[in-house]
Amino acid sequence: MPEISRDEVAHLARLARLALTAEELDQFADQIDGIIAHVSAVGQVAAEGVEPMSHPHSIHTTMRADVVEPTLTPEQALDQAPEVAEQRFVVPQILGE
């Protein structure tokens, strides 16, 4: 039995504002069913005792201590700017607002 119907594909196409032909609806419904079948097959793998992991290799990252260090003052950061206003960089307007 199909996991997703042709009507569900048509509904999703309407939501996405896609104009799909009847053939495309049938084709996409079949393709989505194939995808769901493959994902379901992965879920049936015997994985008891296997720890979930985010990466296939063991990665040991060294994190530095989170220490506050001195940075540039606003005056130092802005001293080479072509144009400054209210302690901010002035850049060309791009959105027309």
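The values are calculated or read from the model by the stated rules, or taken from the named source; none is laboratory data. This structure is a prediction, so every number in the text was calculated from the model and none was measured. Every residue, glycine among them, receives a Cβ derived from its backbone with ideal geometry; neighbour counts consider all protein chains shown. The accessibility values were calculated without ligands, DNA or RNA, using every heavy atom of the protein model including side chains. Shrake-Rupley method; radii C 1.70, N 1.55, O 1.52, S 1.80 Å.
At a glance:
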read-out	value
Residue within segment 68-84 that is under 33 Å from the mean Cα position of the chain (by Cα) and in a strand (DSSP E or B) present	no
Residues that are in a helix (DSSP H, G or I) and open to solvent by less than 100 Å² (accessible area, probe 1.4 Å), drawn from segment 40-61	S40, A41, G43
Filter pass, F89 being open to solvent by less than 100 Å² (accessible area, probe 1.4 Å) and of a type in the set (F, W, Y)	no
Unmet requirement for L20, which otherwise passes all of (1) at pLDDT 90 or above; (2) part of a loop (DSSP other than H, G, I, E, B); (3) open to solvent by 70 Å² or more (accessible area, probe 1.4 Å); (4) touching a helix residue (DSSP H, G or I) at 6+ places or on another chain (Cβ under 8 Å)	(3)
Qualifying residue in segment 70-81 (condition: surrounded by 10 or more Cβ atoms within 10 Å (Cβ to Cβ) and of a type outside the set (A, V, I, L, M, F, W, C))	yes
Condition check for Q31: at pLDDT 90 or above, open to solvent by less than 100 Å² (accessible area, probe 1.4 Å) and within 30 Å of V9 (Cβ to Cβ)	yes
